[in-house]
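Enquirer: After the structure tokens below, expect a handful of questions from me.
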Amino acid sequence: MKTLCRNIIFIACAAIFSITGYSAPVFADERPVSEEIQALEAPVQMDPDDAVLFELINAARRDPLGMAESIGLDREQVLKSLPELNEILINGLPELVFSDRLHRTANDHTADMLENNYYAYESIDGLTLDDRLNQAGYSASASGESLGLIFFNNFIAPEKAVFWMFENMLGDELTEDHSGIRTILNPDFQEMAAAVQGGSLQFGRFNANVYMAVCDFARPVEIYELQMNNLINQLRANPLPVVAEYGFDASPKEFPEYETLLIQGLPPLTYDPLLYRAAEELVVDMFENNHFSATTSDGRTLDDRVADTGYVPAWMEESRYRLSTCGESVSPAETVSRMFRYLVTRAFQADPDRRQSAMIAPEAEDCGIRIKAGQSAEMGGVCGDYIHIMVADFGTRSESEDSAKNTESDKTATGNGQLIGLVYEDTDGNGIYTAGEGLPDLAVTIDQGADSDFAQEIRTNAAGGYSLDLPAGDYRVTAAVDTVDTETIALFGQIRINENTRVWLSADVLPRVLDNDL
């Protein structure tokens with residue numbers, strides 16, 4: 001069901017609303033734009049109105065109480081009303097970084113609402129914010145959205161409309177009875193984009209002029225974590241060339257417990273933000289408390305961490321790895337291949353009693369992988385203190401009632417199947433995907449051929465991966481790929497999707513050119 005702003009009332013001058021929580025109507029001439037807000041300078045990489053709203057939100061994060069005063073709130077009363085936010089209100093939060101992909105999702109959602117005459121978090125076609133982020137190729141570990149709407153009879157300058165929508169958004173977050181997650185004052189978010197557009201909406205028999213704003217907030221999954229997801233899914237789908245690349249002769253006779261994997265392959269794993277959070281809790285605790293173990297410093301186990309996220313597992317396992325980079329601080333993007341080699345080596349080592357096989361377990365359906373770089377004298381090696389730690393949580397959701405209620409990452413709850421794919425360019429010529437070869441922000445089209453109107457487009461994420469829920473049926477997967485001379489349509493594959501199944505499609509773009517007759 002769509003989350004609507006239900007209390008919209010037509011007013012001859014202007015009224016302001018925010019989807020983050022309903023606020024009473026305010027007439028435009030009752031609240032002037034404060035001098036502090038007018039003095040803010042907007043970044044230049046966005047449209048002017050978008051950029052002003054973006055900067056207002058960052059100003060509120062830098063100095064929440066100062067900005068609260070500038071919109072007419074009492075500093076001491078805000079602190080008294082929101083004791084749980086006092087640290088953030090007093091010390092502020094880091095500024096958010098502009099994201100082009102988030103700007104795309106915010107802009108598209110704003111345009112869709114104006115075109116289709118609605119005002120809601122959920123798109124008219126039933127897509128949630130996470131769905132829209134996924135289609136834009138943005139893999140998020142945390143996400144949120146705020147909507148703003150002002151409607152009017154007499155003309156209002158867009159910059160004033162932006163100020164008023166912002167004031168209402170922030171004012172709503174600073175109320176005692178705020179419902180839902182906060183976005184502006186949320187420490188989990190790192191990136192943001194705002195989109196402001198003007199148009200009209202129909203309210204019963206009234207047609208009103210409006211300005212509408214969508215602000216999308218998120219924290220991205222790191223590229224090296226996405227690369228690790230790709231590497232694991234490639235291993236599950238096509239294990240023989242992968243293990244051969246690492247020097248193993250994997251046969252069912254040598255590894256009887258892997259017979260299904262080695263003969264048939266296994267379905268890919270779905271990225272799950274809840275498992276990601278469970279893995280992150282342990283990684284962060286390891287660095288903060290200088291230990292490397294299966295439990296946090298206060299004794300919280302995998303069961304505890306996963307339970308607190310709301311993920312209800314029927315099965316789960318965890319893999320951990322610590323890698324020293326000696327006296328050099330480098331990005332995990334430079335070591336992800338070494339980490340994956342370790343996982344493969346542990347899974348295919350000679351002693352069957354010591355094999356660690358969580359990533360290739362037939363039971364596994366979801367994963368959340370957190371990799372973090374840091375410095376620790378206690379955990380570092382003899383050559384230096386810089387280390388990378390990876391925690392990979394693998395799980396399968398329970399079919400219990402409690403689990404069914406959690407829809408945040410329940411990808412096949414509707415009976416659809418799921419396509420999980422990867423587009424890469426085999427630059428090293430080894431015949432398989434290697435970390436760093438993924439093609440980001442590539443538009444991939446999934447359709448059912450010329451005789452069908454069905455077609456969906458999705459963009460690849462930063463590591464070249466993508467995923468999409470699809471009804472059961474036969475599909476072809478294509479993309480426009482830049483070649484030396486021109487843009488060529490490449491055919492990546494023709495696939496069959498069944499209900500509640502996951503299909504992996506890995507495509508090297510170099511040899512795949514679509515015949516015009518297809």
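The values are calculated or read from the model by the stated rules, or taken from the named source; none is laboratory data. Model, not experiment: these values are computed from the prediction. No Cβ is skipped: glycine too gets one built from the backbone with ideal geometry, and neighbour counts run over all protein chains shown. What goes into the accessible areas is simple: the full protein's heavy atoms, side chains included, and nothing from ligands, DNA or RNA. Shrake-Rupley method; radii C 1.70, N 1.55, O 1.52, S 1.80 Å.
Enquirer: Quick check: pseudo-label points 7 Å beyond the Cα along Cα→Cβ at Tyr118 and Asn154, how many nm apart are they?
Expert: Each label point lies 7 Å from its Cα, and together they span 3.5 nm.
Enquirer: Using 7 Å Cα-to-Cβ label points, what is the Glu69/Tyr246 separation (nm, one decimal)?
Expert: Output for this residue pair reads 5.8 nm.
Enquirer: Moving to a separate point now. Given a 1.4 angstrom probe, I'd like the percentage of the accessible area of the chain that is carbon and sulfur, rounded to a whole number. Walk me through the intermediate numbers first.
Expert: Working: 10610 of 23270 Å².
Percent of accessible area from carbon and sulfur atoms in the chain: 46.
Enquirer: From the helices alone, meaning DSSP H stretches of at least four residues, give me the mean residue ellipticity at 222 nm for the chain, per-run term -39500 (n - 2.57), in deg cm²/dmol to the nearest 500.
Expert: Result for the chain: -8500 deg cm²/dmol, rounded to the nearest 500.
Enquirer: Against the longest alpha carbon principal axis of the chain, how many degrees, from 0 to 90 and to the nearest 10, is the axis of helix 100-116 turned?
Expert: Once rounded, the angle reads 60 degrees.
Enquirer: Please name which of Val423, Tyr311, Ala350 has its Cα lying farthest along the dipole of region 286-445 towards the positive end, using unit charges on Cβ (Lys, Arg +1; Asp, Glu -1) and the Cα centre as origin.
Expert: Going by the charge dipole, the pick is Ala350.
Enquirer: Roughly what would the spin-label model give for Ser337 and Ala307, points 7 Å off Cα along C-beta, in nm?
Expert: That separation, rounded to one decimal, is 4.2 nm.
Enquirer: Which semi-axis lengths, in whole Å and largest first, follow from the square roots of five times the eigenvalues of the Cα gyration tensor of region 235-328?
Expert: For region 235-328, the semi-axes come out at 31, 20, 12 Å.
Enquirer: Suppose the chain between Gln349 and Arg205 were pulled fully straight at 0.36 nm per residue; how much longer would it get relative to their current alpha carbon spacing?
Expert: On the way: separation 144, 0.36 × 144 = 51.84 nm, distance 7.20 nm.
Gain on stretching Gln349 to Arg205: 44.6 nm.
Enquirer: Work out, in µm²/s and without decimals, the Stokes-Einstein translational diffusion coefficient of region 135-222 at 4 °C, 1.567 mPa s, Rh from Kirkwood over C-alpha pairs.
Expert: 89
Enquirer: If you don't mind, there's one more thing I want to ask. Using the Cα centre as the reference, give the magnitude of the dipole from point charges on the C-beta atoms of region 164-301 (Lys, Arg: +1; Asp, Glu: -1; all else neutral), rounded to the nearest 20 debye.
Expert: 520
Enquirer: Got a sec? Charge dipole of the chain, +1 on Cβ for Lys and Arg, -1 for Asp and Glu; which of Asn168, Leu226, Leu282 is way out at the positive end?
Expert: Result: Leu282, furthest along the dipole toward the positive end.
Enquirer: With an 8 Å Cα cut-off and a minimum separation of 6 or more residues, compute the relative contact order for region 231-334 in percent.
Expert: About 19 percent, as a whole number.
Enquirer: Let me ask another. Quote to one decimal, in nm, the extra length available between Leu79 and Asp426 on full extension: 0.36 nm per residue of separation minus the C-alpha distance between them.
Expert: 119.3 nm
Enquirer: I would also like to ask the following. Return one number: the angle in degrees, 0 to 90 and rounded to the nearest 10, between the long axis of the Cα atoms of helix 223-237 and the longest principal axis of the Cα atoms of the chain.
Expert: 40
Enquirer: Here's another thing I want to ask about it. What is the dipole size for the chain, taken about its Cα centre, with +1 at each Lys and Arg Cβ and -1 at each Asp and Glu Cβ, in debye to the nearest 20?
Expert: Value, rounded to 20: 440 debye.
Enquirer: Test of understanding: what is the full-extension gain from Glu87 to Thr128, defined as 0.36 nm times their sequence separation minus their Cα-Cα distance?
Expert: On the way: separation 41, 0.36 × 41 = 14.76 nm, distance 3.12 nm.
This chain segment gains 11.6 nm when fully extended.
Enquirer: On to the next question. Could you calculate the FRET efficiency of His178 with Ala314 from 1/(1 + (r/R0)^6), where r is the beta carbon distance between them and R0 is 22 Å, rounded to 0.05?
Expert: 0.05
Enquirer: Calculate how steeply helix 48-62 sits against the longest principal axis of the alpha-carbon atoms of the chain, using the helix alpha-carbon long axis, and give the answer as 0 to 90 degrees to the nearest 10.
Expert: Once rounded, one gets 80 degrees.
Enquirer: Translational D (Stokes-Einstein, µm²/s) of the chain at 37 °C and 0.692 mPa s when Rh comes from the Kirkwood sum over C-alpha pairs? Each step should come with its number before you reach the end.
Expert: Working: Rh = 25.1 Å.
It diffuses with D of about 131 µm²/s by this estimate.
Enquirer: For region 54-195, just the Cα set please: Rg and Dmax, both in angstrom.
Expert: Taking only Cα atoms of region 54-195, I get Rg and Dmax of 15.7, 44 Å.
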